[in-house]
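A quick write-up on the structure given underneath.
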Amino acid sequence: QINEAEVVLFSVPSYACQRRTTLDNHNVTLTDALSLLAENAELSDEDGRGVAFRRAAAVLKALPAPVTAMSQLTGLPCLGDHSLRVIKDILENEASDEVESTKQSDRFKALKVLTGIFGVGSKTADRWIRDGIHNLHQLQESGATLNRAQQAGLEHYDDLNQQVTKAEADAITEIVQEAVVSVLPGAQVVLTGGFRRGKQTGHDVDFLITHPEEGREVGLMPKVVFWLESQGFLLYQKTTRNSYLEVKDGPGRPSSNMDRFERCLSIFKLAKKEERGIKLTNPPAHRRWRAVRVDLVVSPISQFAFALLGWTGSKLFERELRRWAGHEKAMSLSSHALYDNKQSRYLRAASEEEIFAHLGLEYIPPSERNA
Ligand code: 8DG
Ligand code: MN
Ligand code: MN
């Protein structure tokens, strides 16, 4: 029996970048429910609602113990009426009708299936649904035109919708490292994204590549891609050139998630663990490889700390850092630079620690950025 006086009260600061959020989530049921509503809002192009649910979920992820009573939530930030209603339903009835009916709705299911194709966003999925396409079979029968990314996405649908393990990420790290040092000795490869935050699985593997001498990284991506391609490691790739110019672009649009690094979105052909390093004698009875999504980004060393911070995530943590910078510090943060609007100058940083210091924030290590 819980006595009201013994109920643990929680207190958390309002920006996710002021909090330590580990992977040890004590409120998985609640955060899964709110994340599902966030996802549904994002898939329906209601980004505002999406962020509101993401922020609410992130507050619960930061709590040191499970929520057992609504009274514990008094004074917590980012919990709007809608989120509180969902939490209350789950605490009282073990489930939220809204979450359950969203999960079961044909529209949500179709959006999930269709955006599960690499290269398909919510807009395309919505257009297809309005044309009566709700699943992969209907898509294939429809004669809808698919771009190169979507064709690859459809072809490798099952593989790409299966979580990437840490062991697979490590195997890919070795391949990327070999590619990078082969084409530019001294260049450095860092695993970013969820795996840098300590996650054991992910939807892709993210890498940041740089060279300690400024300028040596120019032209690196095409060489890395050529090496990987000639070794048969790539099932698909699309490289985008670097287009960032500090003078021309000025303080980067702080609200945008896009940056202008040279990047490569790819699909790797990864040999199954038991097959790695084995030469084929007879044709295999089963497939010996699987497709894995890999993101490569090249940054000059002068922007490396910003790129590392920007590509480590989580997405909400990044968004909150930029919001903090803009609203609380009159600064603009991007994956390239930090601009101080009051001093009208860029603030340089050689490490993530220095960026947090410029922002007046306590340093949060990657493993505690799982907001
Ligand atoms: P997961 O793959 O395990 O599911 O999670 P994740 O690693 O956290 O997510 P992600 O989608 O791979 O994204 C990793 C980080 O990269 C995240 O902080 C968002 C960031 N990111 C993109 N696209 C872009 C972009 O265009 N510019 C910048 N600066 N960051 C980006 O995903
Ligand atoms: Mn990732
Ligand atoms: Mn990624």
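The values are calculated or read from the model by the stated rules, or taken from the named source; none is laboratory data. These numbers were taken from a predicted model, which means no experiment stands behind them. Cβ coordinates were reconstructed from backbone atoms using ideal geometry, including for glycine residues, and neighbour counts include every protein chain displayed.
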Flag if LEU316 is surrounded by fewer than 22 Cβ atoms within 10 Å (Cβ to Cβ), within 16 Å of ligand 2 (Cβ to nearest atom) and among the aliphatic types (A, V, I, L, M) | yes
Scan the stretch 315-332 for residues that are near ligand 1 (Cβ under 10 Å from one of its atoms) and touching a Lys or Arg at 6+ places or on another chain (Cβ under 6 Å) and report the count.
-> 2
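Among the residues that make up the stretch 203-211, is at least one of them away from ligand 1 (no atom under 16 Å from the Cβ) and touching a Phe, Trp or Tyr at 6+ places or on another chain (Cβ under 6 Å)? Steps first, please.
The initial filter retains those residues of the stretch 203-211 that are away from ligand 1 (no atom under 16 Å from the Cβ), namely 211.
Restricting the remaining residues to those that are touching a Phe, Trp or Tyr at 6+ places or on another chain (Cβ under 6 Å) gives none.
Within the stretch 203-211, none of the residues are away from ligand 1 (no atom under 16 Å from the Cβ) and touching a Phe, Trp or Tyr at 6+ places or on another chain (Cβ under 6 Å).
With a cut-off of at least 2 residues that are surrounded by fewer than 21 Cβ atoms within 10 Å (Cβ to Cβ) and either within 15 Å of ligand 2 (Cβ to nearest atom) or modelled with pLDDT of 95 or more (or both), name the helices (runs of 4 or more DSSP H) lying wholly within the stretch 137-254. Break it down stepwise before answering.
Working: elements: 148-155, 157-160, 166-183, 193-196, 220-230, 246-249.
It comes to 148-155, 157-160, 166-183, 220-230.
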Within the stretch 283-303, restricting attention to residues that are in a helix (DSSP H, G or I) and out of contact with any Pro (no Cβ under 9 Å at 6 or more places or on another chain), which residue is nearest to ligand 3 (Cβ to nearest atom)?
-> GLN303
Pair list, Cβ under 6 Å, 6 or more apart: the stretch 198-214 residue within 28 Å of GLY186 (Cβ to Cβ) and in contact (Cβ under 8 Å) with a residue 12 or more places away in the chain, other residue more than 9 Å from ligand 3 (Cβ to nearest atom) and of a type in the set (D, E, K, R) | THR210/GLU217; HIS211/GLU217
Run down LEU296, LEU316 and say which single residue is at pLDDT 95 or above, closer than 22 Å to GLY202 by Cα and touching a Phe, Trp or Tyr at 6+ places or on another chain (Cβ under 6 Å).
-> LEU296
Are there any pairs with C-beta distances below 6 angstrom linking a residue in the stretch 179-197 that is near ligand 1 (Cβ under 10 Å from one of its atoms) to a residue that is aromatic (Phe, Trp, Tyr) and in a helix (DSSP H, G or I), with the two at least 6 apart or on different chains, and if so which?
-> THR192/TRP311
May I ask you to list the residues in the stretch 318-332 that are in contact with a Pro (Cβ under 6 Å, 6 or more places away or on another chain) and under 18 Å from PRO13 (Cβ atoms)?
-> ARG322, GLY326
Exclusive hit being farther than 24 Å from PRO366 by Cβ and surrounded by 14 or more Cβ atoms within 10 Å (Cβ to Cβ), set VAL67, VAL59 = VAL67
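Could you tell me whether any residue of the stretch 113-134 is surrounded by 14 or more Cβ atoms within 10 Å (Cβ to Cβ) and either in contact with a strand residue (DSSP E or B) (Cβ under 7 Å, 6 or more places away or on another chain) or within 17 Å of CYS264 (Cβ to Cβ) (or both)?
Restricting attention to the stretch 113-134, the residues satisfying the condition of being surrounded by 14 or more Cβ atoms within 10 Å (Cβ to Cβ) are 113-120, 122, 124-126, 128-129, 133-134.
Retained after the next criterion (residues that are either in contact with a strand residue (DSSP E or B) (Cβ under 7 Å, 6 or more places away or on another chain) or within 17 Å of CYS264 (Cβ to Cβ) (or both)): 118-119.
Yes, the stretch 113-134 contains a residue that is surrounded by 14 or more Cβ atoms within 10 Å (Cβ to Cβ) and either in contact with a strand residue (DSSP E or B) (Cβ under 7 Å, 6 or more places away or on another chain) or within 17 Å of CYS264 (Cβ to Cβ) (or both).
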